[in-house]
Amino acid sequence: MGIFKSGFVAVVGRPNVGKSTLLNSLLGQKIAIVSNKPQTTRNTIQAVLTREDGQIVFLDTPGIHKPKHKLGEYMVKSAQSALSDVDIICMLVESTEWWTTDNIILEHIGQTDTPVFLVANKIDLISPEELEEFCNLARNKYPFAEVIPVSAQTGENLELLVDKLINYLPEGPKYYPDDWITDHPERFIVAEFIREQVLLNTQEEIPHSVAVDIDEISEQPSGLVKIRATIYVERDSQKGIIIGKRGSMLKTIGTEARKQIEQLLATKVFLDIWVKVKKDWRNKAGSLHEFGYQ
């Protein structure tokens, strides 16, 4: 039997750069929510990729940005803490453009001696010549250990990325069983799937005012899993938008979330969702703690 390698890899990048999409593609299963709205990820999600020759524990961090409230401060602090005590940092950027925010992230990364991989995403959207020009630009920005162009959407070069990561990792133990893909409990992922549908289906004023709390998960004698959840918003007007005319929006959110949850749990699900107002919860330490942002 050959050498087994293992370690921890922090995935960092500006909001909405595609970190969750990359993680889901690497694992071949959805555990992180995806949205075209920035700052979708609020918690550092621990995901596990196991092969015969190694195990990578990924930390998918919230996007580093300028915070506007206590929740934003928590998200940035969570991202920065993920940079400490990991074996490799993967900085994800868009190969179509180098953003000013990417420079800010490099300033945070520059304070560590950890090897940094630059992962240039969305290569399916540009020509080989444009990609070469971008990679040369990136190499002049920072002494990256590796510059790896990928497409999280099509899967191009993802196997190469995993090969390179395992090559850099130290010899070590298997931290998690072979069939583990995340250390988050099912309740967390179920809540995230519901929040994702709110992000995908509602107007701009809604997304970051939303928290989802799972009140109950119980398995019935028939095998059906009953889930009762509450969507919290900050204003009465937001509650009306999420419920929609005659409950149409809430029905859409519930139907789409239930499909994802049934795939995750591999069983039929009855999903009962309520909507409540908790005014200005993003700026209240007690509410942030209650919703798992600690």
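The values are calculated or read from the model by the stated rules, or taken from the named source; none is laboratory data. Nothing here was measured: the structure is a model prediction, and the numbers come from that model. Because the Cβ atoms are built from the backbone with ideal geometry, glycine has one as well, and the counts that use them run over all protein chains shown.
Looking only at region 223-258, how many residues end up being loosely packed, with under 13 Cβ neighbours inside 10 Å, charged (D, E, K, R) and on the phi < 0 side of the Ramachandran plot?
Count: 2.
Test LEU106 against the stated conditions and say whether it is more than 19 Å from LEU165 (Cα to Cα) and either in contact with a Gly (Cβ under 7 Å, 6 or more places away or on another chain) or not polar (S, T, N, Q) (or both).
Yes; evaluated as a whole, the condition is true for this residue.
Take the residues of region 158-192 that are closer than 30 Å to TYR232 by Cβ and among the charged types (D, E, K, R): which is surrounded by the most Cβ atoms within 10 Å (Cβ to Cβ)?
Applying the filter and picking the extreme gives GLU192.
Scanning region 257-294 for residues that are among the charged types (D, E, K, R), within 17 Å of VAL210 (Cα to Cα) and part of a helix (DSSP H, G or I), which turns out modelled with the lowest pLDDT?
GLU290
Anything in region 209-249 that is more than 18 Å from ILE261 (Cβ to Cβ) and assigned to a loop (DSSP other than H, G, I, E, B)? List them, or say none.
PRO221, GLU234, ARG235, GLY244 - these are the residues of region 209-249 that are more than 18 Å from ILE261 (Cβ to Cβ) and assigned to a loop (DSSP other than H, G, I, E, B).
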